1. Condition first: more than 14 Å from chain B (Cβ to nearest Cβ) and either among the basic types (Lys, Arg) or assigned to a loop (DSSP other than H, G, I, E, B) (or both). Now tell me which residues in the stretch A:71-90 satisfy that.
2. Of all residues being under 15 Å from the mean Cα position of the chain (by Cα) and not in a helix (DSSP H, G or I) in the stretch A:203-254, which is modelled with the highest pLDDT? Just the residue, please.
3. Any residue at all in the stretch A:55-67 that's β-branched (Val, Ile, Thr), facing chain B (nearest Cβ under 9 Å), over 20 Å from the mean Cα position of the chain (by Cα) and surrounded by fewer than 20 Cβ atoms within 10 Å (Cβ to Cβ)?
4. State all residues of the stretch B:129-152 that are within 10 Å of another protein chain (Cβ to nearest Cβ) and either touching a residue at least 60 places away in the same chain (Cβ under 8 Å) or closer than 18 Å to residue B:171 by Cβ (or both); if no residue qualifies, say none.
5. Could you check the stretch A:98-116 and list, in sequence order, the residues that are of a type in the set (A, V, I, L, M), surrounded by fewer than 23 Cβ atoms within 10 Å (Cβ to Cβ) and either closer than 16 Å to residue A:198 by Cβ or more than 14 Å from every other protein chain (Cβ to nearest Cβ) (or both)?
6. If the Cβ limit is 8 Å and pairs must be 6+ apart or interchain, which residue in the stretch B:437-460 that is in contact (Cβ under 8 Å) with a residue 60 or more places away in the chain pairs with which residue that is of a type in the set (D, E, K, R) and not in a helix (DSSP H, G or I)?
7. So how many residues does the stretch B:264-310 have that are surrounded by fewer than 18 Cβ atoms within 10 Å (Cβ to Cβ), under 27 Å from the mean Cα position of the chain (by Cα) and of a type in the set (S, T, N, Q)?
Amino acid sequence: MLRYLVGRLLGLPSVLLVIVTASFFIMRVAPGGPFDMERALPTEVRTNIEAKYHLDESLVRQYLRYLGDVARGDLGPSFRYPDRTVTELIGLGFPVSLTLGACAIGLAVVVGGTAGVLAAIRRNRLVDYLTMSLALGGVSIPNFVLGPFLILVFALQLGWLPVAGWGTWRHLVLPSVTLGLFYTAYVARLARAGMLEVIFQDFVRTARAKGLREAVVVGRHALPSAVLPVVSYLGPAAAGALTGSVVVETIFGIPGIGRYFVTSALNRDYTMVLGTVVFYSLLLVVFNLIVDCLYAYLDPRVTY
Amino acid sequence: MRRILVAGATWAVALMAAVLGAGAAGAQEQVFRVNNTAEPESLDPGLVTGVPEHRIISNLFEGLTTTDPKDLSPRPGMARSWTVSKDGLVYTFQLREATWTDRRKVTAHDFVYAWERVLNPKTGAKYAQQLYYLRNGEEYNKGQVTDFSQVGVKALDDKTLQATLRCPTAYFLDLTSFYTLYPVPKWAIEAHGKDWVKPGKIVSNGPFRLASWVPQRELVLEKNASHWDAATVKLQKAVFIPTDDINTAYKQFLAGDSDWIPTVPPAQIDAAKQRPEYYVTPYLGTYYFRFNVTKPPLSDGRVRKALSMAVDRESLVKFVTKAGEIPTSGFVPAGMRGYEGVRGLPYDPAAAKRLLAEAGFPDGKGFPKTELLYNTNELHRVITQAVQQMWRETLGIQVELANVEWKVYLARQSKLDYQISRAGWIGDYVDPNTFLDMWITGGGNNQTGWSNKRYDELVAKAGCGIVDPKERMKALQEAEKILVVDEVPIVPLYTYVNKGMLSRKVKGWQPNILDQHPLKYLSIEK
């Protein structure tokens, strides 16, 4: 296990190197640069700015310079926000994205999990049909439709929650639901399937035969095994919720990292785009690693 | 996973605590909330170039002059008074007694430092050209002059600043109210580097000071009680919300989360018009199409004229843009002090057809494949579609639409890699020059390949040489006529309007051509 972990960790830098290299050059192939503006800059002003950010050097030199900086943990200055460094902006945005992602995943586990288990033990009855149709809807509705719809109903019509912004728990509700609905629905389906698979197995029948109450049978005996597929899904889901909040952050005006990612790509803010890409890839790689380790821990059949 | 959930929960609790704290303090009356449409790129007056930045910085700092909220003419600011030499070249400003927020005195040296900083090539200031009006300003920025004492700005003493210009510049006092020319605190910049604009470090001299700034979330200004004109200021606080999704911003306004939104989503115009908060005023900007005159068929003036005369601008603004835009065939918007605009080519389908036939394309026959470039935007899409249809119906030609992303659009335009493209131009200051000097041969914003000797001469003369204002305006008029009647490298379509929503409780609001509303004149009444 330890050897596996060390091996994976050693592989990390090369994965990141490939990602950084690819993003660096793809970014530069895109037409337009960070200082192309509606109002063209006078040539000499442009020259001055490009010199300031080393954009006047050869591409290879810039690439090597960037690698050196990243290796030292310096993601560089933001071109668009000259007062700030990329590290600073990620530091500001990440806690926000993390909060939002955690709420969405929390919602998925609590609501989705409960609904799935309920649907399984009441299978082929009204509760089952109802939750599973809702889950089907949840998986199908894209968040850029759901978000504005929720705003319209709960913020504008009913006035219960703010339209957009960040800072209070009330600001968290709509975006968490928007971001979390897909995962909630998916978890519900997984939990139902997992429960159905377990509920007919011998050890559950034994528990029943012992005369245990149904709640104990389900809660203590069936649930731990049934929840396995859900747990293994949570890794990718968590990573997805963290990196996939781009649209939700834009719709709800949330100061997370996803919004920087979008604006910086549109603005050709090279360092900021690369910085978020590096950070996101690190996040994904680490989450995948955690999930793989959890697999080994939860499922005795898996060993490394 | 559990650790992450715990961490998430901790954050949630911390957030809740922050909210409860904020709720208790948020009970004042004089708070103005602005949907600023974007996160400010910076608060450094020397580095920024945008409008969202202007809305904040123009209240945080103050230049030699300020602007009249109604007609935007220069008013005394840090300068109590000024004199101009007879040849229009030397401006001598007498500064008033005023202090920075750290109680230091504002002196003429602060201006000299700020202007040197903007012109210094190492600063990389994008708006350095705003100081090219100074003698040797451009040369210093280009590195041709390295001794700053050669540049036309001098502190005669602590309270007297002298600016020497390259040419008489009629609108120099308008420029001194613009952020690029604001004074900045040398000591704070030297102590904190690029961090000097952050809360707790920033030192400013305007009617408001920075209270807090959380990027992408909220920026709060509060009244600066030590400002010389604090008696005029009624607002206690101004909150800037950087919602960049205009649909969300519009909904926030409807929900009462903001008092002003300076734009309305095109799809909501009809609904917005029904509300009492909707306002629309002319804007100092022109929406137009560019022709790439270096390639046929658009190298032929007759083709360009035909295309221009086949556009029904009245219908365009009435049925397509719909917000009250003003159709125009001239390029300089109306409302410039002392300037009478030029009428461009009229809408005349018959004449347009004739011209196209003369150019060798009767009823559009044989007209080569032509592309109209625009950047991704709902409004540009419907406008280009409408014009495409007008050209097809009137001239019988089929123009293809090419939709590209913003930066691609900019790059293709500047490389002349297009045939026709949509464009817009917003004036920097209230003078026709800001609309006409861009079309000179090889000008960075020309981007049509068009060149005309007489035009260059007239603009150069108006920019430097003619001191008499009437003569100067005449020269500019003649230039505009060449642009929109004789040569037509562009098709002006309409004058932009400011369309926004303003809460009825805001008082002291003056509509103006730049949609600039200094906070110091506003107040809130329930």
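1. We begin by selecting, within the stretch A:71-90, every residue more than 14 Å from chain B (Cβ to nearest Cβ); these are A:71-75.
Correct list: A:72, A:73, A:74, A:75.
2. Once the filter is applied, the top-ranked residue is A:254.
3. Restricting attention to the stretch A:55-67, the residues satisfying the condition of being β-branched (Val, Ile, Thr) are A:60.
Cutting the leftovers down to facing chain B (nearest Cβ under 9 Å) gives us none.
Among the residues of the stretch A:55-67, not one is β-branched (Val, Ile, Thr), facing chain B (nearest Cβ under 9 Å), over 20 Å from the mean Cα position of the chain (by Cα) and surrounded by fewer than 20 Cβ atoms within 10 Å (Cβ to Cβ), which makes the answer no.
4. Selection gives B:129, B:132, B:138.
5. Of everything in the stretch A:98-116, just one residue is of a type in the set (A, V, I, L, M), surrounded by fewer than 23 Cβ atoms within 10 Å (Cβ to Cβ) and either closer than 16 Å to residue A:198 by Cβ or more than 14 Å from every other protein chain (Cβ to nearest Cβ) (or both), namely A:111.
6. B:447/B:290; B:448/B:290
7. Result for the stretch B:264-310: 2.
Quick grid of which residues meet (1) within 14 Å of chain B (Cβ to nearest Cβ); (2) within 19 Å of residue A:284 (Cβ to Cβ); (3) free of Cβ contacts under 8 Å to residues at least 60 places away in the same chain:
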residue	(1), (2), (3)
A:2	no, no, yes
A:5	no, yes, no
A:11	no, yes, yes
A:15	no, yes, no
A:21	no, yes, yes
A:32	yes, no, no
A:46	yes, no, yes
A:69	no, no, yes
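The values are calculated or read from the model by the stated rules, or taken from the named source; none is laboratory data. Owing to the predicted nature of the structure, the values given are computational and were not obtained by experimental measurement. Reconstructed Cβ throughout: ideal geometry from the backbone, glycine too, with neighbour counts over all protein chains shown.
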